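Worksheet: the structure to be examined is printed underneath.
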Amino acid sequence: MPALKTILEAVLLAAGEPLPLERLQKVFPEAEQPEREALRAALAELTVDYAGRGLELIEVASGFRVQVPGTFSPWVSRLWEERAATYSRALLETLALVAYRQPVTRGEIEEVRGVSVSSSIMKTLQERDWIKIVGHREVPGRPALYATTRAFLDYFNLKSLSELPPLAAPRDPDAIGAELDRRIAVPSSDSTTSTESPDD
């Protein structure tokens with residue numbers, strides 16, 4: 001049988017999405033399933049093997065993923081004719097406010113930004129599965145409460161919200177939006193063909 005790390009490499013390359021340890025265990029027959037510690041050790045070996053190469057192994061919120069490092073984006077992006085995703089400052093500010101103030105209502109976002117948030121922005125963020133409705137504020141009208149999703153963490157190569165850049169006081173939405181824009185400029189593999197560019 002091939003080495004454990006080689007099997008994991010093949011599985012992760014074929015998956016096309018992050019896989020948690022539980023999913024990785026289940027690709028083996030029940031009687032041959034490696035322990036979680038053995039899986040982590042093999043994944044650590046892969047991480048070392050990929051150092052300085054055109055692949056990297058990272059852990060995000062949904063599990064482990066093999067991807068092309070962002071430093072290779074200028075070359076890899078030329079494989080696709082479509083433009084890489086571009087997002088308006090308004091969308092990035094809105095996403096930043098949801099990320100740092102969640103759960104938050106649309107009205108609370110508008111209060112901070114000082115302008116209304118267009119329905120197209122909220123729709124785009126939900127279609128990208130970056131935000132979702134997690135409840136309703138118990139006030140008149142019961143406005144929806146928005147929070148970020150696991151897909152948001154995966155896209156930005158984060159394991160948890162604690163890995164978001166720390167907020168320096170005061171840190172305005174423009175600065176936070178610029179940070180998200182910088183991360184989007186080096187997209188993960190699932191975003192290279194998107195062309196959304198919603199307006200304010």
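Brief remarks follow.
- Lone unmet requirement of (1) buried (at least 17 other Cβ atoms within 10 Å of the Cβ); (2) closer than 30 Å to Val112 by Cβ; (3) among the β-branched types (Val, Ile, Thr) for Thr86: (1)
- Single match in Leu125, Leu91 (criterion: crowded, with 21+ Cβ neighbours inside 10 Å, farther than 15 Å from Phe156 by Cα and touching a residue at least 12 places away in the same chain (Cβ under 8 Å)): Leu91
- Of all the criteria given as (1) touching a residue at least 40 places away in the same chain (Cβ under 8 Å); (2) closer than 26 Å to Val60 by Cβ, the one not satisfied by Ile109 is (1).
- Any hit, segment 31-42, residues being touching a residue at least 24 places away in the same chain (Cβ under 8 Å) and within 20 Å of Gly16 (Cα to Cα): yes
- Filtered residues of segment 1-33 (kept if of a type in the set (A, V, I, L, M), under 25 Å from the mean Cα position of the chain (by Cα) and surrounded by 14 or more Cβ atoms within 10 Å (Cβ to Cβ)): Leu8, Val11, Leu12, Ala15, Leu19, Leu21, Leu24, Val27
- Of the helices (runs of 4 or more DSSP H) contained entirely in segment 46-144, those carrying at least 1 residues that are under 24 Å from Leu13 (Cα atoms) and among the hydrophobic types (A, V, I, L, M, F, W, C) fall at 73-76.
Each value in this text was obtained by applying a stated rule to the coordinates, not by laboratory testing. On a predicted model such as this, the values are computed, not experimentally measured, just so you know. Note: ideal-geometry Cβ built from the backbone for every residue, glycine included; neighbour counts use all protein chains shown.
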